[in-house]
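Student: Here it is, the structure, as structure tokens.
The values are calculated or read from the model by the stated rules, or taken from the named source; none is laboratory data. This one's a predicted model, so the numbers in the text were calculated from it and none came from an experiment. Here the Cβ positions follow ideal geometry from the backbone for every residue, glycine too, while neighbour counts run over all protein chains shown. We work out accessible area using only protein heavy atoms, side chains counted, and drop any ligands, DNA or RNA first. Shrake-Rupley method; radii C 1.70, N 1.55, O 1.52, S 1.80 Å.
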Amino acid sequence: MINLELPEGLKQTKEFLHNVARDLLRPISRKYDVAEHVYPQELEIMRGAQAPSSKKDDKDKTDKKEKKQRTDTLGQVISVEELCWGDLGLLLTIPGRGLGNAAIAANGTDEQKKKYAGKWAAMAITEPEAGSDSFALVATAELDGDEWVLNGEKIFVTCADRCELVVVWATIDKSAGRAGIKSFLVEKGTPGFKLEHLEHKLGIRASDTGTFVLKDCRIPKENILGSAEVIKKEGFRGVGKTFDATRPAVAAMALGVARAALEFTKEKIEESGITFDYEKNGNNVSSNEKEFYMMEANLEAMRLLIWRAACMQDSGERNSLEAAMCKAKAGRTGTLITQKCCDLLGPLGFSQDYLAEKWIRDVKITDIFEGTGQIMHRNIAREILGVKIM
Ligand SMILES: Cc1cc2nc3c(=O)[nH]c(=O)nc-3n(C[C@H](O)[C@H](O)[C@H](O)COP(=O)(O)OP(=O)(O)OC[C@H]3O[C@@H](n4cnc5c(N)ncnc54)[C@H](O)[C@@H]3O)c2cc1C
């Protein structure tokens with residue numbers, strides 16, 4: 001029998017972050033959707049803050065059972081779901097929680113971790129001609145004495161304006177293909193490293209997304225993340241591993257937004273005097289009720305897929321298939337749920353009186369970044385069939 005009961009510590013984290021989402025994020029959700037590119041000062045309170053830790057409780061419990069199971073990724077997806085119930089764009093702009101921070105934590109040396117502790121790090125992989133196919137990136141890094149010299153263009157970088165440094169992906173040896181691709185720590189203010197412009201976006205407008213140009217940008221030799229050695233069979237492994245860890249979290253973003261839409265819609269339907277009766281004979285269920293129950297079931301399916309991928313990550317199992325499955329399902333279903341909720345809410349669902357129209361715009365990104373829905377389906381096919389599909 002599978003036990004889906006969360007450890008006590010994670011339940012407390014979930015409750016704490018739900019309160020943060022309700023009391024801090026949701027009230028300023030519309031404000032920063034409208035005031036795109038304005039930094040939400042209200043989030044400064046979260047700089048460096050930690051949710052009440054579950055670690056000790058969990059450790060005590062698991063030790064008692066003589067079975068150690070890490071819960072870092074499960075804790076992360078639960079936290080992300082709660083905060084995105086508040087606002088996805090604002091989650092992406094919580095100070096110091098960039099994708100680059102995750103890369104430094106995973107691959108940085110002790111010195112790098114110490115030097116950049118508390119600094120906000122973005123991640124720059126995408127280029128004008130390299131999106132889904134990250135291996136096609138053309139930005140270069142050449143060693144010149146004690147410095148790397150970086151050249152190239154990086155687009156659609158999350159936290160581009162607000163971050164303090166960027167983890168930039170570039171090739172040190174084009175002839176080596178993916179094995180030549182490495183990541184570099186580039187601090188803001190480094191000569192030759194310029195933020196060109198910020199994007200105006202459909203959704204997650206509270207999050208700043210921008211383009212960087214690197215022109216003969218010199219950084220110290222020690223600012224490479226990981227080894228400078230080009231090992232053919234290990235090429236690009238870092239990115240693959242990072243994606244397996246981060247895709248469940250992106251799926252959890254979709255879950256949080258879809259849940260917000262569904263809960264809000266249910267509340268409004270109930271306010272209009274209609275009650276949901278889960279015992280009712282299926283033959284007597286109206287078409288709208290049926291739609292609603294289907295969405296609730298889909299939301300639960302999203303959560304189960306996400307938790308499975310997260311738990312596998314925590315127990316050190318390879319989860320490329322499961323991470324792709326949960327992201328494909330969540331990006332697509334999150335999009336469909338927010339749209340259907342808008343239908344069920346009537347004309348107000350389309351107005352700015354409610355956040356429903358914003359949730360439609362926000363959730364769409366979960367089907368794009370960290371691998372599009374199509375790319376997730378391709379990866380699933382690759383994993384199941386064991387064949388290379390481009
Ligand atoms: C708001 C936002 C924030 C972002 N943040 C970051 C960030 O912080 N760092 C970063 O590096 N990048 C970031 N990105 C970039 C994002 O990861 C890419 O947009 C994404 O990987 C898709 O790449 P692309 O836009 O070049 O689309 P393309 O690769 O050009 O794809 C276009 C379409 O073709 C489809 N397609 C492509 N190849 C295939 C294939 N082989 N089979 C089937 N269909 C295919 C895609 O699914 C998509 O529908 C961000 C993007 C956005 C919009």
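Student: Test Ala252 against the stated conditions and say whether it is in contact (Cβ under 8 Å) with a residue 40 or more places away in the chain and either more than 24 Å from Asp110 (Cβ to Cβ) or within 16 Å of the ligand (Cβ to nearest atom) (or both).
Tutor: Values: in contact (Cβ under 8 Å) with a residue 40 or more places away in the chain: yes; either more than 24 Å from Asp110 (Cβ to Cβ) or within 16 Å of the ligand (Cβ to nearest atom) (or both): yes.
Answer is yes for this residue.
Student: Could you run through the stretch 218-247 and say how many residues are part of a loop (DSSP other than H, G, I, E, B), modelled with pLDDT under 70 and surrounded by fewer than 17 Cβ atoms within 10 Å (Cβ to Cβ)?
Tutor: Narrowing the stretch 218-247 to residues part of a loop (DSSP other than H, G, I, E, B): 226-231, 235-236.
Okay, now just the ones that are also modelled with pLDDT under 70, so 235-236.
Still in the list and also surrounded by fewer than 17 Cβ atoms within 10 Å (Cβ to Cβ): 236.
Looking only at that region, the number is 1.
Student: Given the conditions (1) touching a helix residue (DSSP H, G or I) at 6+ places or on another chain (Cβ under 7 Å); (2) within 18 Å of Ala228 (Cα to Cα); (3) within 15 Å of the ligand (Cβ to nearest atom), and given that Val168 satisfies all but one, which numbered condition is not satisfied?
Tutor: Of the numbered conditions (1) touching a helix residue (DSSP H, G or I) at 6+ places or on another chain (Cβ under 7 Å); (2) within 18 Å of Ala228 (Cα to Cα); (3) within 15 Å of the ligand (Cβ to nearest atom), the odd one out for Val168 is (1).
Student: If you don't mind, another one. Give the residue that is most open to solvent (accessible area, probe 1.4 Å), with candidates limited to residues of the stretch 137-163 that are in a loop (DSSP other than H, G, I, E, B) and either away from the ligand (no atom under 15 Å from the Cβ) or among the small types (Gly, Ala, Ser) (or both).
Tutor: Step one: list which residues in the stretch 137-163 are in a loop (DSSP other than H, G, I, E, B), which gives 137-139, 145-146, 159-163.
When the remaining residues are screened for being either away from the ligand (no atom under 15 Å from the Cβ) or among the small types (Gly, Ala, Ser) (or both), the result is 139, 145-146, 160.
Numbers: Ala139: 2, Gly145: 55, Asp146: 115, Ala160: 0 Å².
Among those that are in a loop (DSSP other than H, G, I, E, B) and either away from the ligand (no atom under 15 Å from the Cβ) or among the small types (Gly, Ala, Ser) (or both), it is Asp146.
Student: Gln313 versus (1) in a helix (DSSP H, G or I); (2) without any contact (Cβ under 8 Å) to a residue 40 or more places away in the chain; (3) not basic (Lys, Arg): which is the lone unmet condition?
Tutor: With (1) in a helix (DSSP H, G or I); (2) without any contact (Cβ under 8 Å) to a residue 40 or more places away in the chain; (3) not basic (Lys, Arg) applied to Gln313, the lone miss is (2).
Student: Take the stretch 171-202 and flag every residue that is within 12 Å of the ligand (Cβ to nearest atom) and of a type outside the set (Lys, Arg).
Tutor: Of all residues in the stretch 171-202, those within 12 Å of the ligand (Cβ to nearest atom) come to 183, 198-202.
If the condition is that a residue be within 12 Å of the ligand (Cβ to nearest atom) and of a type outside the set (Lys, Arg), then Ser183, Leu198, Glu199, His200, Leu202 are the ones that fit.
Student: Restrict the check to the stretch 198-211 and report whether at least one residue is more than 30 Å from Gln374 (Cα to Cα), assigned to a strand (DSSP E or B) and not hydrophobic (A, V, I, L, M, F, W, C). Working first, answer last.
Tutor: We begin by selecting, within the stretch 198-211, every residue more than 30 Å from Gln374 (Cα to Cα); these are none.
The answer is no; no qualifying residue exists.
Student: Here's something else I'd like to know. Going through the stretch 203-221 one residue at a time, which ones are β-branched (Val, Ile, Thr) and away from the ligand (no atom under 16 Å from the Cβ)? Before the answer, list the steps.
Tutor: If we filter the stretch 203-221 for residues that are β-branched (Val, Ile, Thr), which is where we start, we get 204, 209, 211, 213, 219.
Residue satisfying the conditions is Ile219 alone.
Student: Counting only residues that are at negative phi and not in a helix (DSSP H, G or I), which one in the stretch 373-390 is nearest to the ligand (Cβ to nearest atom)?
Tutor: First, the residues of the stretch 373-390 that are at negative phi: 373-385, 387-390.
With not in a helix (DSSP H, G or I) added as a condition, the list becomes 387-390.
On the way: Val387: 14, Lys388: 11, Ile389: 8, Met390: 6 Å.
Selected residue: Met390.
Student: Looking only at the stretch 332-344, filter to residues that are open to solvent by less than 40 Å² (accessible area, probe 1.4 Å) and closer than 20 Å to Ala251 by Cα; which one of those is farthest from the ligand (Cβ to nearest atom)?
Tutor: Cys341
Student: Go through the stretch 42-104 and tell me which helices (runs of 4 or more DSSP H), entirely inside it, have 1 or more residues that are surrounded by 19 or more Cβ atoms within 10 Å (Cβ to Cβ) and at pLDDT below 90. Can you show your working first?
Tutor: Working: elements: 55-64, 72-86, 88-91.
Here the list reads 55-64.
Student: So, one more: Output the qualifying pairs, or none if there are none: Cβ atoms under 6 angstrom, residues six or more apart or on different chains, first residue in the stretch 364-378 and closer than 13 Å to Asp133 by Cα, second residue assigned to a helix (DSSP H, G or I).
Tutor: Hits for this filter: Glu370/Thr246; Glu370/Arg247; Glu370/Val250; Met376/Ala324; Met376/Lys327; Met376/Ala328.
Student: I'm trying to understand the selection: among the residues of the stretch 83-136, which are among the β-branched types (Val, Ile, Thr) and more than 11 Å from the ligand (Cβ to nearest atom)?
Tutor: Pass one, the stretch 83-136, residues among the β-branched types (Val, Ile, Thr): 93-94, 104, 109, 125-126.
Within the stretch 83-136, Thr93, Ile94, Ile104, Thr109 meet the criteria.
Every residue, every condition in (1) closer than 18 Å to Val80 by Cα; (2) within 15 Å of the ligand (Cβ to nearest atom), yes or no:
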site: Glu300; (1), (2): yes, no
site: Gln313; (1), (2): yes, no
site: Arg318; (1), (2): no, no
site: Glu357; (1), (2): no, no
site: Asp362; (1), (2): yes, yes
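Student: Going by the structure shown, is Leu195 out of contact with any Asp or Glu (no Cβ under 8 Å at 6 or more places or on another chain) and either in a strand (DSSP E or B) or at pLDDT 95 or above (or both)?
Tutor: no
Student: Could you tell me whether Glu370 is part of a loop (DSSP other than H, G, I, E, B), of a type in the set (D, E, K, R) and within 16 Å of the ligand (Cβ to nearest atom)?
Tutor: Values: part of a loop (DSSP other than H, G, I, E, B): yes; of a type in the set (D, E, K, R): yes; within 16 Å of the ligand (Cβ to nearest atom): yes.
For Glu370, the condition - part of a loop (DSSP other than H, G, I, E, B), of a type in the set (D, E, K, R) and within 16 Å of the ligand (Cβ to nearest atom) - is met.
Student: Still on this structure, please answer the following. Name the residues in the stretch 345-381 that are aliphatic (A, V, I, L, M), touching a helix residue (DSSP H, G or I) at 6+ places or on another chain (Cβ under 9 Å) and either surrounded by fewer than 17 Cβ atoms within 10 Å (Cβ to Cβ) or farther than 25 Å from Val34 by Cβ (or both), would you?
Tutor: The first filter runs over the stretch 345-381 and keeps only residues aliphatic (A, V, I, L, M), leaving 345, 348, 355-356, 360, 363, 365, 368, 375-376, 380-381.
The next check asks that each one be touching a helix residue (DSSP H, G or I) at 6+ places or on another chain (Cβ under 9 Å); those that pass are 345, 348, 355-356, 360, 363, 365, 368, 375-376, 380.
Selection gives Leu348, Ile368, Ile375, Met376, Ile380.
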